[in-house]
Amino acid sequence: MKENLSINLKNTSKFISDEEIIANAQLSVRHLDTLNAGTGPGNDFLGWLSLPDDILPQIERIEKTALHLRSVSDTTVVIGIGGSYLGSRAVIEALSHSFSSLLTGKHHDMIFAGQNISEDYLAELLELLDGRNYSIVVISKSGTTTEPAIAFRILKDHLEKRVGKTEAAKRIIAITDAKKGALRSLADSNGYETFIIPDNIGGRYSVLTPVGLLPIAICGLDIRLLVKGAKSMEELTRLNKHAETNPSLLYASARNLLLQNGKPIEIMVGFNPKLHFFSEWWKQLYGESEGKDGKGIFPASVDLTTDLHSMGQYIQDGQRILFETIISVKNPSKKLSIPLEKNDSDQLNYLAGKRLTEVNYNAELGTTLAHNDGNVPIITLTIPSLDEYYVGQLIYFFEMACAISGYILDVNPFDQPGVEAYKKNMFALLNKPGFEEEGKKLKKRL
Ligand code: PA5
């Protein structure tokens, strides 16, 4: 049997006891029951719970479409924002070669767009695409989000001019709602191949739908193994009422106890730069799910050891309002040791022959001890290796813990009403039809 993700709460013990964590986790089994019964807030957004099974019938078509795009182009631009972007980017960056975009040879480039409104970004992307043979995957559940809609209008126009309307239509895949939204109408009228984002799955819980799986498959990663990993975590969390052995219950319980003990900020820590976008995905998942009604733990992240030389001072010694969650990867996929040097002029011979992983792991242990001495509680999540199976486990683990945690906080973890505020103002300031009066009022305030 394969090893599972494990959770170590030992380094929270100065602040919260094992007994408290387990008691809180046992109490939270009722939230698990509520999720499974579908009787809690946001219960029309619970489709993600059974995705590891429900997505299986679509895997073959996703793989076929990925192969088609790889065969007609050398680059895919994935357009989307928030939950329609971060999940695929997190998995792709975690599992791809660190320098994939610079590698030459048989390899498909993935570029993301529609996650900002920067003129520089899109203009420079067009400059790059002038010399590329590319395809587009455009993702928007609502089909009306401004950032991806602008990027799609510009890139569609560029692609149609490059290859003609008919060929462009064969290279554009739209992932959107079954019926609603401007993207749905565009896709239908232009004859694009489409995948559907089900009504009952919110953007930030959609990585195991075509939203995440198609871009991941285009990069040549094994989406079946990713889903298999998620399924194994579903068995360990959704279907496990035994609090002591349910890592999602334990994590949700510990972080909420830490919040109650004066730690309102959680920092996600990775010791492998490939995890940078995984932390970005996690920040959206937790920030949008919990941050409402004046509640929630503020999600932040650092990449170590890099950020020990920028954020390390604050974490060690600043306001004592933080706790950390480390994602620890036991075995790297590559091997590299430090060579011996005859005259030891850089005084590194004490490390000669050691794998970089050993040095990095000791940095992780040293940091854990130091931060704990500095009164930062630390939760450590360990996965045996960074591969599709364990990234799948991490995804389901965090989604389940997030839902439970939202219910512990007594918020709806599946909506995001606060995201609308900036949109309304932007539309009013840009004189979008229907927003003119509001625009006049806002302009007076500037
Ligand atoms: O999690 C969410 O629901 C949001 O982050 C959305 O994914 C994001 O706003 C993009 O929305 P859409 O997919 O409708 O373009």
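Yes/no matrix, rows are residues, columns are (1) in contact with a Gly (Cβ under 7 Å, 6 or more places away or on another chain); (2) open to solvent by less than 60 Å² (accessible area, probe 1.4 Å); (3) not assigned by TED's automatic domain parsing to the domain that holds Leu249:
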| site | (1), (2), (3) |
| --- | --- |
| Thr34 | yes, yes, no |
| Lys64 | no, no, yes |
| His68 | no, no, yes |
| Ser71 | no, no, yes |
| Val77 | no, yes, yes |
| Gly82 | yes, yes, yes |
| Ala90 | no, yes, yes |
| Ser98 | no, no, yes |
| Leu103 | no, no, yes |
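If we scan region 133-155, do we find a residue that is without any contact (Cβ under 8 Å) to a residue 24 or more places away in the chain, over 20 Å from the mean Cα position of the chain (by Cα) and within 16 Å of the ligand (Cβ to nearest atom)?
Yes, because at least one residue in region 133-155 is without any contact (Cβ under 8 Å) to a residue 24 or more places away in the chain, over 20 Å from the mean Cα position of the chain (by Cα) and within 16 Å of the ligand (Cβ to nearest atom).
Taking region 133-158, which residues are in a helix (DSSP H, G or I), open to solvent by 10 Å² or more (accessible area, probe 1.4 Å) and in contact with a Gly (Cβ under 7 Å, 6 or more places away or on another chain)?
Passing the criteria: only Glu147.
Can Gly262 be described as within 16 Å of the ligand (Cβ to nearest atom) and surrounded by fewer than 23 Cβ atoms within 10 Å (Cβ to Cβ)?
No.
I want to confirm something. Restricting to region 178-203 and keeping residues that are open to solvent by less than 10 Å² (accessible area, probe 1.4 Å) and within 23 Å of Ala90 (Cα to Cα), which single residue is farthest from the ligand (Cβ to nearest atom)?
If we take residues in region 178-203 being open to solvent by less than 10 Å² (accessible area, probe 1.4 Å) and within 23 Å of Ala90 (Cα to Cα), then Phe195 is farthest from the ligand (Cβ to nearest atom).
If I filter region 110-132 down to residues being within 23 Å of Lys423 (Cβ to Cβ) and assigned to a helix (DSSP H, G or I), which single residue comes out as most open to solvent (accessible area, probe 1.4 Å)?
Checked region 110-132; the qualifying residue most open to solvent (accessible area, probe 1.4 Å) is Glu119.
Kindly check whether there is at least one residue in region 159-168 that is over 15 Å from Ile81 (Cα atoms), within 26 Å of the chain's Cα centre (by Cα) and open to solvent by less than 20 Å² (accessible area, probe 1.4 Å).
No: zero hits.
For region 395-413, give me each residue that is open to solvent by less than 10 Å² (accessible area, probe 1.4 Å) and not β-branched (Val, Ile, Thr).
Of everything in region 395-413, those that are open to solvent by less than 10 Å² (accessible area, probe 1.4 Å) and not β-branched (Val, Ile, Thr) turn out to be Tyr396, Phe397, Phe398, Glu399, Met400, Ala401, Cys402, Ala403, Ser405, Gly406, Pro413.
Would you mention how many residues in region 365-404 are touching a residue at least 60 places away in the same chain (Cβ under 8 Å) and more than 16 Å from the ligand (Cβ to nearest atom)?
27
Name the residues in region 239-255 that are open to solvent by less than 50 Å² (accessible area, probe 1.4 Å) and not in a helix (DSSP H, G or I), would you?
Listed by number, the residues that qualify are Asn240, Asn246.
From the residues in region 204-214 that are outside any loop (DSSP other than H, G, I, E, B) and under 22 Å from Gln416 (Cβ atoms), which one is nearest to the ligand (Cβ to nearest atom)?
Arg204
Among the residues of region 222-235, which ones are open to solvent by 40 Å² or more (accessible area, probe 1.4 Å) and either in contact (Cβ under 8 Å) with a residue 24 or more places away in the chain or not assigned by TED's automatic domain parsing to the domain that holds Asn36 (or both)?
Within region 222-235, Asp222, Arg224, Leu225, Lys228, Lys231 meet the criteria.
The values are calculated or read from the model by the stated rules, or taken from the named source; none is laboratory data. The structure displayed is predicted, hence computed values, not measured ones. Note: ideal-geometry Cβ built from the backbone for every residue, glycine included; neighbour counts use all protein chains shown. Quick note on the areas: whole protein, heavy atoms, side chains included, nothing else; ligands and nucleic acids left out. Shrake-Rupley method; radii C 1.70, N 1.55, O 1.52, S 1.80 Å.
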